[in-house]
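Visitor: Okay, handing you the structure first.
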Amino acid sequence: MNRSTVVTTSRPRIVALNEIEPNTRRGGDLRALLTPATVGSTSGFMGVAIVQPGDRIGEHYHPYSEEFVYVLCGQLEVDLDGEAHPLQPEQGLMIPAHMRHRFRNVGNVEARLVFHLGPLAPTPPLGHVDTEETDSTPVAGRDRVAS
């Protein structure tokens, strides 16, 4: 095969935000639009987080992936390994793999951010580790002693 030949294993697909069921298990309204399940992506996934005033996305980390975040609107605060940082509209953030992080809407209006994670974890359950409880999410390994 020469360098000008491109092999495509998936087809282009447009996905609308309203086609994706809200995921509210960890706080906020997370909608993963472009994923292996929705479009056959192989290198990562992308979506939108909608966070209402006073709401948060619980602390977690990704053992296999970097996370890239871009704030569309609203006033957010992100904790990175326990240290708070303001996030404003039109700002981006790169979160390294293994870094604990949580997002809080500290403003008076809805906040929206775009997120992208890559590379993919070997399996979806291995890609996200919760480090605090939200309304319906138990902490992974809560009964283990931290080293």
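Visitor: Grab the strands (runs of 3 or more DSSP E) fully contained in the stretch 9-83, keeping just those with 1 or more residues being without any contact (Cβ under 8 Å) to a residue 24 or more places away in the chain.
Guide: Ranges flagged: 29-34, 76-80.
Visitor: For residues that are surrounded by fewer than 16 Cβ atoms within 10 Å (Cβ to Cβ) and either in a loop (DSSP other than H, G, I, E, B) or touching a His at 6+ places or on another chain (Cβ under 9 Å) (or both), tally how many sit in the stretch 84-93.
Guide: 4
Visitor: Would you confirm whether or not the stretch 109-124 contains a residue that is touching a Lys or Arg at 6+ places or on another chain (Cβ under 8 Å) and either part of a strand (DSSP E or B) or over 21 Å from Phe45 (Cα atoms) (or both)?
Guide: No: zero hits.
Visitor: All but one of (1) open to solvent by less than 50 Å² (accessible area, probe 1.4 Å); (2) more than 19 Å from Thr131 (Cβ to Cβ); (3) modelled with pLDDT of 95 or more hold for Glu110; state the number of the condition that does not hold.
Guide: The number of the failed condition is (1).
Visitor: Looking at (1) open to solvent by less than 70 Å² (accessible area, probe 1.4 Å); (2) not in a strand (DSSP E or B), which is the one condition that is false for His98?
Guide: (1)
The values are calculated or read from the model by the stated rules, or taken from the named source; none is laboratory data. None of these values were measured; they are calculated from a predicted model. Methodologically, a virtual Cβ is constructed for each residue, glycine included, from the backbone with ideal geometry; neighbour enumeration extends over all protein chains shown. The accessibility values were calculated without ligands, DNA or RNA, using every heavy atom of the protein model including side chains. Shrake-Rupley method; radii C 1.70, N 1.55, O 1.52, S 1.80 Å.
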